[in-house]
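Notes follow once the structure below has been shown.
What follows draws every value from the coordinates through simple rules; no lab data is involved. Because the structure is predicted, anything quoted here is derived from the model rather than measured. Ideal geometry is used to build each Cβ from the backbone, glycine not excepted, and the neighbour counts take in all protein chains shown.
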Amino acid sequence: MTPETVADELDEVLIGADELRQRVQELADEIAADHDGKDLLFVGVLRGAVMIMADLARAMPMSVEMDFMAVTSYGYARQSSGVVRILKDLDTDISGRHVVLVEDIVDSGLTLSWLLRNLESRDPASLEVCALIRKPEAVKVEVPVKYVGFDIPNEFVVGYGLDYRQRYRNLNVIATLPTAD
Ligand code: 5GP
């Protein structure tokens with residue numbers, strides 16, 4: 001879906017489709033260069049990471065395995081609480097594997113910090129994070145994100161996997177919504 005389709009519901013397009021495509025290719029090249037000759041496993045976090053996972057994996061110049069986790073964080077709709085529950089765990093044993101955790105967005109960092117601790121406890125050979133979007137101003141816990149697509153201001157965004165009440169995930173850009181009064 002293009003932003004024109006829902007133009008009256010959006011505030012501003014922050015990152016366009018071409019920019020997304022180009023940056024995802026750059027991230028894929030960087031990850032490939034850092035993992036030359038290694039057997040890579042991408043772990044995507046449902047549902048938000050579905051678009052970045054699909055595009056990043058296809059942009060990789062090498063074979064990668066893919067697996068998914070689904071987690072839920074308790075708390076208010078637009079805010080993370082850091083209390084995370086696994087809804088769907090990995091099917092893959094990641095012990096001894098080179099893992100890249102693929103995330104849609106790092107906001108407070110609370111979800112990611114919990115996920116990293118959880119995955120580290122499974123003894124991967126290496127564990128790095130790739131996040132399409134990061135909001136540096138919103139960070140509450142510092143988390144090591146090696147591959148960052150875009151740093152954006154502390155605003156709620158939708159599109160390219162990110163939803164507001166399950167809408168806009170299939171929007172092909174990253175956009176802001178009008179602020180609720
Ligand atoms: P954190 O724990 O880093 O605060 O939040 C992580 C999760 O909150 C993300 O995986 C995402 O589901 C949700 N989230 C954080 N910021 C945004 C945003 O700007 N837009 C949307 N749609 N979800 C967000």
Segment 9-134: translational diffusion in µm²/s, Stokes-Einstein, Kirkwood Rh over Cα pairs, 25 °C, 0.890 mPa s: 160 µm²/s
Over all alpha-carbon pairs of segment 12-52, lay out the pair-distance distribution in 5 Å bins, whole %, shortest bin first. 5, 18, 20, 24, 21, 8, 3, 1, 0
Run through segment 1-97 and list the trypsin sites (Lys or Arg not before Pro) located in a DSSP loop whose Cβ has at most 10 other Cβ atoms within 10 Å. Arg78
Length added when fully stretched, Ala17-Asp91, from 0.36 nm per residue minus Cα-Cα: 23.4 nm
Anyone know which of Leu119, Leu162, Leu87 comes out most mobile in the 10 Å Cα GNM of the chain? Leu87
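Tell me what the chain gives for mean residue ellipticity at 222 nm when only DSSP H runs of n ≥ 4 count, each as -39,500 (n - 2.57), the sum divided by the residue total, rounded to 500 deg cm²/dmol. Each step should come with its number before you reach the end.
On the way: 3 runs with 39 residues, N = 181.
Dividing the helical sum by the residues of the chain leaves -7000 deg cm²/dmol.
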Directionally averaged shadow of segment 93-181, computed from the convex hull of its alpha-carbon atoms, nm²: 6.7 nm²
May I ask you to work out the translational diffusion coefficient for segment 1-74 at 37 °C, viscosity 0.692 mPa s, via Stokes-Einstein with Rh from the Kirkwood sum over Cα pairs, reported in whole µm²/s? 230 µm²/s
Run the Debye formula on the Cα coordinates of segment 133-181, all scatterers equal and no solvent, and tell me log10 I(q)/I(0) at q = 0.13, 0.15, 0.23, 0.24 1/Å. -0.35, -0.47, -0.95, -0.99
If every Lys and Arg gets +1 and every Asp and Glu gets -1 at its Cβ, then about the Cα centre the chain yields a dipole, in debye to the nearest 20, of 560 debye
What list of ³J(HN,Hα) couplings, whole Hz, do you get for segment 143-160 from phi and the Karplus terms 6.51, -1.76, 1.60, once you set θ to phi - 60° and write x for glycine and proline? 10, x, 10, 6, 10, 10, x, 9, 8, 10, x, 6, 10, 7, 10, 10, x, 6
Cross-link reach list, aspartates and glutamates versus Lys88, counting only Cα pairs under 16 Å and skipping chain neighbours closer than eight places: Asp67, Glu103
Which cross-chain or sequence-distant (5 or more) residues have an amide H under 5 Å from the amide H of Gly109, H modelled 1.01 Å from N in plane? Lys140
